[in-house]
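Structure first, commentary second.
The values are calculated or read from the model by the stated rules, or taken from the named source; none is laboratory data. Keep in mind that this is a model prediction, so the values were computed, not measured. Glycine gets a Cβ as well: all are built from the backbone with ideal geometry, and neighbour counts include every protein chain shown. Each accessible area value is taken on the protein alone, full model and side chains, heavy atoms only, with ligands, DNA and RNA left out. Shrake-Rupley method; radii C 1.70, N 1.55, O 1.52, S 1.80 Å.
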Amino acid sequence: MTRIMTAAAIAAVAAMPLTAGAEVLKASHQFPGGKGDARDEMVQLIAKEVADAGVDLEIRVYPGESLYKAREQWSAVTSGQLDMTSFPLDYAAGRVPQFSVTLMPGLVRNHERAQRLNDSPFMEEIYRLIEESGALVLSDAWLAGGFVSKKNCITAPDSISGQVTRAAGPAFEQMLVGAGASIASMPSSEIYTGMQTGVLDAANTSSGSMVSYRLFEQAECLTAPGENALWFMYEPVLISKKKFERLSEEQQQALIDAGQKAEDWFAEQAAGLDSKMIEEFEKAGVEVAEMSPEDYDAWLTIAKETSYKTFAEEVDGGQELIDQALAVE
């Protein structure tokens, strides 16, 4: 596991063992707690595994933005104010522009490729940037997603023209503007209210968020990921580097082991999140569509002329990151 220190590197850290009582870590995320959201369940699984390890370490989970707002978590965890978070990495692209590549249209396309990306030079660079900023990755997680609209099914690029849309990050926003949409930026936790109040006509978000935030109550049509998923987002479980390095070697190893178990569990769940989403939307009477290969290619053409081009030109190492991702078979 390259994203967290090797055993040899752990031994070199000037760890500060506990003297009395259990060390308590605070884990914050924006997703609904106790309602089946896979990201919440990942963090809860890590907490359980660490407790069972018997290393005087407790993780207290604060879901639903109860401790920090969605976009506040990055600065909190990298500064050491927050210990752990489940975090959509593209939310921090304003601080680290390279992170936009983790929500680049069409770069992942399916769950199998997402898993292959995790063991690639592309992700080694992402891990390096995360660590350089002050955090470490405990668990990888890639979520597929799609479009939801109050007006019509979004398939070919012209089907979104004129709609006010939430995208999640700059790369998707640039592509959507290129297709004729207008943009309203907000975290996924605010999409429901945005659609309910008329601020939004449509949105991109993950399959997990589509269900957890009950967007089927506001939608006329869902465009599911299918075999041609434009939208894939990297949403890892992060831990503060400062906090990690202050733990004992046994506690660090317990976190590494728990993080791997949560990652493996999530990888088994990921495709099922898409199926669960379709089931919930159909149950609510919402029309469900998928993009054809021709629709996907048309979107990708726009993306390469907008978001890919801008990322390569304006972000340090941007073209190299795109090339590294595309090189993964």
| query | Would you pick out the residues in region 26-45 that are closer than 11 Å to Tyr62 by Cβ and touching a Leu at 6+ places or on another chain (Cβ under 7 Å)? | reply | Lys26, Ser28
| Residue check, Gly272 against (1) surrounded by fewer than 14 Cβ atoms within 10 Å (Cβ to Cβ); (2) of a type in the set (Gly, Ala, Ser); (3) within 16 Å of the chain's Cα centre (by Cα), all met but one. Which one? | (3)
| request: Would you tally the residues in region 37-73 being open to solvent by less than 30 Å² (accessible area, probe 1.4 Å) and on the phi > 0 side of the Ramachandran plot? | output: 0
| query | Among the residues of region 210-255, which ones are open to solvent by less than 20 Å² (accessible area, probe 1.4 Å) and in a helix (DSSP H, G or I)? | reply | Met210, Leu215, Phe244, Gln251, Gln252, Ala254, Leu255
| remark: Within region 39-88, the count of residues that are within 19 Å of the chain's Cα centre (by Cα) and of a type in the set (Asp, Glu) comes to 5
| message | If I ask for residues that are under 18 Å from Pro105 (Cβ atoms), open to solvent by 40 Å² or more (accessible area, probe 1.4 Å) and over 23 Å from the mean Cα position of the chain (by Cα), which ones from region 277-297 would you list? | response | Pro293, Glu294, Asp297
| request: Inspect region 314-329 for any residue being over 22 Å from the mean Cα position of the chain (by Cα) and assigned to a helix (DSSP H, G or I) and give the result as yes or no. | output: yes
| query | What tally of residues in region 21-76 results from selecting those that are in a loop (DSSP other than H, G, I, E, B) and closer than 28 Å to Ser207 by Cβ? | reply | 16
| Of the residues that make up region 178-199, is at least one at pLDDT below 95 and among the hydrophobic types (A, V, I, L, M, F, W, C)? | yes
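To keep it simple, each residue is scored yes or no on (1) basic (Lys, Arg); (2) farther than 30 Å from Val288 by Cα; (3) without any contact (Cβ under 8 Å) to a residue 24 or more places away in the chain.
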{"residue": "Ser86", "(1), (2), (3)": "no, no, no"}
{"residue": "Val96", "(1), (2), (3)": "no, yes, no"}
{"residue": "Thr102", "(1), (2), (3)": "no, no, no"}
{"residue": "Gln115", "(1), (2), (3)": "no, no, no"}
{"residue": "Ser159", "(1), (2), (3)": "no, no, yes"}
{"residue": "Val164", "(1), (2), (3)": "no, no, no"}
| said: Please return the ranges of strands (runs of 3 or more DSSP E) entirely within region 102-205 where 1 or more residues are open to solvent by 10 Å² or more (accessible area, probe 1.4 Å) and among the aliphatic types (A, V, I, L, M). | reply: 164-166
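Considering region 77-91 alone, what residues qualify as being open to solvent by 20 Å² or more (accessible area, probe 1.4 Å) and in a loop (DSSP other than H, G, I, E, B)?
Passing the criteria: Gly80, Gln81.
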